[in-house]
1. Looking only at region 412-420, decide whether some residue is surrounded by 23 or more Cβ atoms within 10 Å (Cβ to Cβ) and either away from the ligand (no atom under 15 Å from the Cβ) or more than 20 Å from residue 241 (Cα to Cα) (or both).
2. Go through 94, 116 for me and flag whichever is in a helix (DSSP H, G or I) and not hydroxyl-bearing (Ser, Thr, Tyr).
3. Please state which one of 122, 179, 164 is of a type in the set (Ser, Thr, Tyr), surrounded by 20 or more Cβ atoms within 10 Å (Cβ to Cβ), more than 23 Å from residue 378 (Cα to Cα) and over 18 Å from the mean Cα position of the chain (by Cα).
4. Taking region 24-48 only, how many residues are in contact (Cβ under 8 Å) with a residue 24 or more places away in the chain and at positive phi?
5. Looking at region 241-258, is at least one residue part of a loop (DSSP other than H, G, I, E, B) and on the phi > 0 side of the Ramachandran plot?
6. Quick check on this structure: which one of 215, 187 is without any contact (Cβ under 8 Å) to a residue 40 or more places away in the chain, surrounded by 19 or more Cβ atoms within 10 Å (Cβ to Cβ) and in a loop (DSSP other than H, G, I, E, B)?
7. Pairs under 7 Å by beta carbon, first residue more than 19 Å from residue 238 (Cα to Cα) and among the aliphatic types (A, V, I, L, M) in region 265-283, partner part of a loop (DSSP other than H, G, I, E, B) and within 12 Å of the ligand (Cβ to nearest atom), six or more apart or different chains?
8. Identify the residue in region 226-240 that is in a helix (DSSP H, G or I) and crowded, with 24+ Cβ neighbours inside 10 Å and, among all such residues, is nearest to the ligand (Cβ to nearest atom).
Amino acid sequence: MSTKPTKATISFDNNATPIELPMLSGTLGNDVIDIRALGKHGVYTYDPGFMATAACQSNITYIDGEKGLLLHRGYPIEQLAEHCDFLEVSYLLMHGELPNAEQKANFTKIISTHTMLHDQLSNIFRGFRRDAHPMAVMIGVVGSMSAFYFDAMDVYNPQHREISAYRLLAKMPTIAAWSYKYNLGQPFMQPQNKLNYAENFMHMMFATPCEEYTPNPVLAKAFEKILILHADHEQNASTSTVRLVGSSGANPFASISAGIASLWGPAHGGANEATLQMLEEMGDVSRIGEFIKRAKDKTDSFRLMGFGHRVYRSMDPRASIMQKTCYEVLNELGLHDDPIFKLAMELEKIALEDDYFVSKKLYPNVDFYSGIVMRAMGIPNSMFTAIFALARTAGWIAQWSEMNADPEHKIGRPRQLYTGEARREFMPIDKRA
Ligand code: CMC
């Protein structure tokens, strides 16, 4: 029976003394070689994109990409999506345990009574062009919160961290909804604290001062699922960005604003918007072959949006839940024959049978279906990634707090493999070629 290795040895082909490095094991997942001592020996490792490097210890989220497993604090995402609301999941991410009834009631009260923005913040929205992308507005407004809530910004004080985390979680729906309202030219709607988190967001998005608005319960439930499915996802690009920015002691609002910027890219959170654009451009099943051909063409930068994942090598478990939610929403709205949904189903079927996608283990990810659900709910494409950011705030603040509380935490400072000029002497301008 093979036992786990406890150390790894790096040997060199010039007979230099081999370096012994300890192996570390987590509760689940791959063991890691602790390479921290390598610097002392004058060598570093090279790993662009962190393909094989763990940058931190974390006990928040675990993904098994081969099995399509996603756990938050040990609980499978399927169970959380089925039984919890978003604030319960946020509490779990932040505090490590599911709340009991009293803790849940207190947490919900705290969040729902911090939803209002400082009145002066509304002026920041007004500085943007009306056609600004909501993500651009969110990056600016969340960053500017650093100038409003400095009463609790000592990142090494757990109480301060908690207050900032609550403020971010509570105010993010208001910020996201207002970035849309500003775009539309409609008045900002104030939060309604009697509504739950999902309903309140829908109210701020869709209500106007002229009309009563009652959120449809099926859509509010679906929206809650979208939030839960996007709440956290381990050390992805935006979360790693939040950690890296925060590692210098930067304040939480600046750190989360940087996370929003990273999320915006089409390879990450921007994929939900890009997927829908792709489906709209495709327009009809007859063009699926043409798009799949382009996705396989190495000379074409086009990728099938909503497919593939750095970690999942099987179906993204979030995509399966989202697909079910998609049926529920389309049924509720009488849109069973929605052509974009039909097109998505057909594209999924064809791609899943295609040798290229099968051999590279490219499966639909959560963004493949979330855009269709949001579109059916009347949410415009440009808001999809903003909603992802709103949900991911729960994970970002949990990960940011965990990092600040970690005694091993250090400022993030990667090394490089320098490939530029070696030292050379300055040349006066009249002597340059
Ligand atoms: N369409 C066509 N080919 C693809 C795709 C795709 N969507 N995704 C990966 N590949 C190919 C890629 O060309 C490469 O082929 P080869 O080995 O021949 O060079 C191989 O699969 C591996 O790709 P990679 O870029 O090395 O993989 P990665 O782990 O760096 O990238 C990814 C992961 C998500 C950026 C990528 O799959 C992608 O661009 N997908 C489309 C965008 C998308 O849907 N993103 C949402 C991710 S889930 C939401 C989130 O958590 O942010």
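1. no
2. 94
3. Exactly one of 122, 179, 164 is of a type in the set (Ser, Thr, Tyr), surrounded by 20 or more Cβ atoms within 10 Å (Cβ to Cβ), more than 23 Å from residue 378 (Cα to Cα) and over 18 Å from the mean Cα position of the chain (by Cα), namely 164.
4. Of the residues in that region, 1 qualify.
5. Our first condition is that a residue be part of a loop (DSSP other than H, G, I, E, B); within region 241-258, this holds for 247-251.
Then keep just the ones that are on the phi > 0 side of the Ramachandran plot; that gives 249.
Scanning region 241-258 turns up at least one residue that is part of a loop (DSSP other than H, G, I, E, B) and on the phi > 0 side of the Ramachandran plot.
6. Values: 187 fails: surrounded by 19 or more Cβ atoms within 10 Å (Cβ to Cβ).
Result of the check over 215, 187: 215.
7. Here the result reads 278/305, each pair linking region 265-283 to a residue that is part of a loop (DSSP other than H, G, I, E, B) and within 12 Å of the ligand (Cβ to nearest atom).
8. 238
The values are calculated or read from the model by the stated rules, or taken from the named source; none is laboratory data. Just so we're clear, the structure is a prediction, and the values are computed from it rather than from any experiment. Glycine also receives a Cβ, built like all others from the backbone with ideal geometry; neighbour counts cover every protein chain displayed.
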